[in-house]
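K.L.:
Right, I'll just put the structure down here and ask away after.
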């Protein structure tokens with residue numbers, strides 16, 4: 001047993017020695033993180049721990065971050081969703097997709113240690129991909145960052161069968177660099193990452209929308225509006241969630257706001273017209289549609305515009321008297 | 001007079017029914033998903049054509065790689081078109097996070113063999 005432990009240590013050193021060529025100097029955990037929002041040290045000790053069974057660090061790490069975001073889970077339940085037997089592991093794409101099934105958004109952080117530490121500081125553990133192998137013989141491993149200490153220059157992880165693994169920041173960075181600096185955080189609808197890119201967040205929210213309840217989708221886009229009020233897609237997303245909940249007036253307002261920001265946004269105008277139609281304002285709806293130039297649209301968008309036009313035409317014929325007086329108020 | 005009243009009311013009822021039919025059947029079909037708005041028009045066209053091919057491709061690769069056939073559909077369902085694309089492209093080579101123990105075992109074996117044949121001498125007794 002002592003022999004085995006000793007050997008494992010030797011082997012670990014050996015593995016690190018092989019990948020240490022690009023090691024950097026100086027403390028890696030910044031003592032004062034740039035925006036001042038991160039604490040000098042943090043540890044999310046209530047994060048659940050699931051010791052992995054053979055090759056299944058993916059399901060274990062995923063269960064860890066899902067659990068921390070309030071979704072009770074366990075690796076056994078996630079194996080059928082992310083594990084690929086012949087690859088003896090789990091792929092990043094599927095790790096990103098699975099949280100959606102549980103009403104959570106997965107956001108891939110920008111490749112900086114700061115972004116990871118800021119999340120931990122904000123109370124969210126971060127799933128990372130490490131590579132402990134060598135270029136010709138990669139060894140990929142998922143682990144979860146749950147803490148750091150800038151005074152000691154250390155990172156704390158839930159990893160494999162180790163409940164509390166403390167790595168020097170340098171060793172962490174080596175393995176993370178070799179894993180191409182991939183890190184992912186799981187968000188509740190309504191949360192945005194500390195260091196977030198508007199476009200990337202909105203893409204994540206748009207993929208989330210497909211399988212989410214309208215209430216969850218609404219929260220996700222609502223958070224985007226609070227943070228990036230000048231992004232039309234954020235307003236469109238919330239508008240569509242309102243529409244699907246049946247709040248047509250709120251939907252019309254959000255679409256109108258998106259169009260105020262970007263008058264050329266065909267998706268917003270199509271959805272706005274559809275909403276106006278359902279609010280009993282076919283004339284206004286037709287007016288909106290007439291402003292759409294459908295020559296350069298993608299297939300999905302073009303089909304939707306054609307569909308909306310047909311509905312509006314049908315309704316206008318049955319409704320020849322013009323829109324009721326309340327309709328013009330919806331345009332502002 | 002009676003006929004025309006009858007006709008008028010029939011037309012009114014029918015037109016209401018037709019309008020409602022339009023609304024009720026697929027009321028949200030004309031609403032565009034937000035995901036269609038975060039990709040460019042060209043991407044959207046491509047993905048419409050490719051998504052199905054990608055889906056079949058990923059399904060086949062997953063089964064080949066040992067994923068239980070019953071689970072494949074649920075896994076495919078949660079993927080967006082662009083995610084399907086990426087998986088179809090390099091499912092066999094993309095990093096698959098598994099485990100470090102396998103490596104340690106392999107390196108250990110190599111070291112052990114080298115030790116036994118006398119090339120290296122690292123497993124000394126702890127004093």
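K.L.:
Can you work out which of the residues in the stretch A:115-159 that are surrounded by fewer than 19 Cβ atoms within 10 Å (Cβ to Cβ) and in contact with a helix residue (DSSP H, G or I) (Cβ under 6 Å, 6 or more places away or on another chain) is farthest from residue A:42 (Cα to Cα)?
P.N.:
A:134
K.L.:
Oh, and also: Taking interchain pairs and intrachain pairs at least six residues apart, which have beta carbon atoms under 8 angstrom, with the first residue in the stretch B:84-98 and touching a residue at least 24 places away in the same chain (Cβ under 8 Å) and at the interface with chain A (Cβ under 7 Å from one of its Cβ atoms) and the second crowded, with 19+ Cβ neighbours inside 10 Å and assigned to a loop (DSSP other than H, G, I, E, B)?
P.N.:
Correct list of pairs: B:87/B:79.
K.L.:
Still on this structure, please answer the following. Inside the stretch A:206-222, can you point out the residues that are under 16 Å from residue A:101 (Cβ atoms) and either in contact with a strand residue (DSSP E or B) (Cβ under 8 Å, 6 or more places away or on another chain) or surrounded by fewer than 17 Cβ atoms within 10 Å (Cβ to Cβ) (or both)? Write out each step before concluding.
P.N.:
Step one: of the stretch A:206-222, the residues under 16 Å from residue A:101 (Cβ atoms) are A:207-213, A:216-217, A:220.
Hits for the stretch A:206-222 are A:208, A:210, A:211, A:213, A:220.
K.L.:
Which number in (1) surrounded by fewer than 20 Cβ atoms within 10 Å (Cβ to Cβ); (2) at pLDDT 95 or above marks the one condition that residue A:177 misses?
P.N.:
In the conditions (1) surrounded by fewer than 20 Cβ atoms within 10 Å (Cβ to Cβ); (2) at pLDDT 95 or above, residue A:177 misses (2) alone.
K.L.:
If you take the residues in the stretch B:62-75 that are surrounded by fewer than 18 Cβ atoms within 10 Å (Cβ to Cβ) and part of a helix (DSSP H, G or I), which one is nearest to the other protein chains (Cβ to nearest Cβ)?
P.N.:
Let us first name the residues in the stretch B:62-75 that are surrounded by fewer than 18 Cβ atoms within 10 Å (Cβ to Cβ), namely B:63-66, B:68-74.
When the remaining residues are screened for being part of a helix (DSSP H, G or I), the result is B:63-64, B:69-74.
On the way: B:63: 10, B:64: 7, B:69: 11, B:70: 8, B:71: 4, B:72: 10, B:73: 11, B:74: 7 Å.
For the stretch B:62-75, the residue satisfying everything is B:71.
K.L.:
Also: Among the listed residues A:79, A:65, identify the single one that is outside any loop (DSSP other than H, G, I, E, B) and buried (at least 23 other Cβ atoms within 10 Å of the Cβ).
P.N.:
On the way: A:79 fails: buried (at least 23 other Cβ atoms within 10 Å of the Cβ).
Testing whether each residue is outside any loop (DSSP other than H, G, I, E, B) and buried (at least 23 other Cβ atoms within 10 Å of the Cβ) leaves just A:65.
K.L.:
Right, next: If you check residue A:147 against the conditions, is it in contact (Cβ under 8 Å) with a residue 40 or more places away in the chain and away from chain B (no Cβ under 12 Å)? Walk me through it before giving the result.
P.N.:
On the way: in contact (Cβ under 8 Å) with a residue 40 or more places away in the chain: yes; away from chain B (no Cβ under 12 Å): yes.
So residue A:147 passes the test.
K.L.:
Additional query: For the stretch A:31-54, indicate whether the set of residues that are touching a residue at least 12 places away in the same chain (Cβ under 8 Å), closer than 23 Å to residue B:88 by Cα and buried (at least 18 other Cβ atoms within 10 Å of the Cβ) is non-empty.
P.N.:
no
The values are calculated or read from the model by the stated rules, or taken from the named source; none is laboratory data. In this text the structure is predicted, and so the values were computed from the model without any measurement. So basically every Cβ, Gly included, is an ideal-geometry build from the backbone, and we count neighbours across all protein chains shown.
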